[in-house]
Amino acid sequence: MLGAAAAILVLLGGFWLAEALFGFRIDQADILYPFHSAARQAIGLILLGSGAAIAWIESRLHARRLHH
């Protein structure tokens with residue numbers, strides 16, 4: 001469950017950063033872009049960092065389960 005949450009955060013944060021920094025936008029999915037570009041850039045960075053941290057925690061927990 002934690003891995004799925006991390007994947008969603010990383011994907012959404014990545015999409016928002018790609019759109020804000022490089023202009024990459026999925027035209028058919030306007031619902032993915034509810035905020036102004038500067039807000040999406042800041043929130044995208046936070047989401048990407050949070051998702052990476054959660055994925056790292058999940059990998060550490062998984063490694064502990066395998067070794068004990």
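Of all residues in region 52-68 being among the hydrophobic types (A, V, I, L, M, F, W, C) and exposed (fewer than 15 other Cβ atoms within 10 Å of the Cβ), which is farthest from A5 (Cα to Cα)? Restricting to residues being among the hydrophobic types (A, V, I, L, M, F, W, C) and exposed (fewer than 15 other Cβ atoms within 10 Å of the Cβ), the top hit is L66. Suppose the filter is aliphatic (A, V, I, L, M) and either surrounded by 14 or more Cβ atoms within 10 Å (Cβ to Cβ) or modelled with pLDDT under 85 (or both); does L12 pass it? Taking the combined requirement at face value, the residue satisfies it. Taken together, G49, G44 contain a single residue that is surrounded by fewer than 14 Cβ atoms within 10 Å (Cβ to Cβ) and in contact (Cβ under 8 Å) with a residue 12 or more places away in the chain, which is G49. Got at least one residue in region 22-38 being at pLDDT below 85 and among the acidic types (D, E)? Within region 22-38, one or more residues are at pLDDT below 85 and among the acidic types (D, E).
The values are calculated or read from the model by the stated rules, or taken from the named source; none is laboratory data. Quick caveat: nothing in here was measured; it's all calculated off a predicted structure. Neighbour counts run over all protein chains shown; Cβ positions are idealised from the backbone, glycine included.
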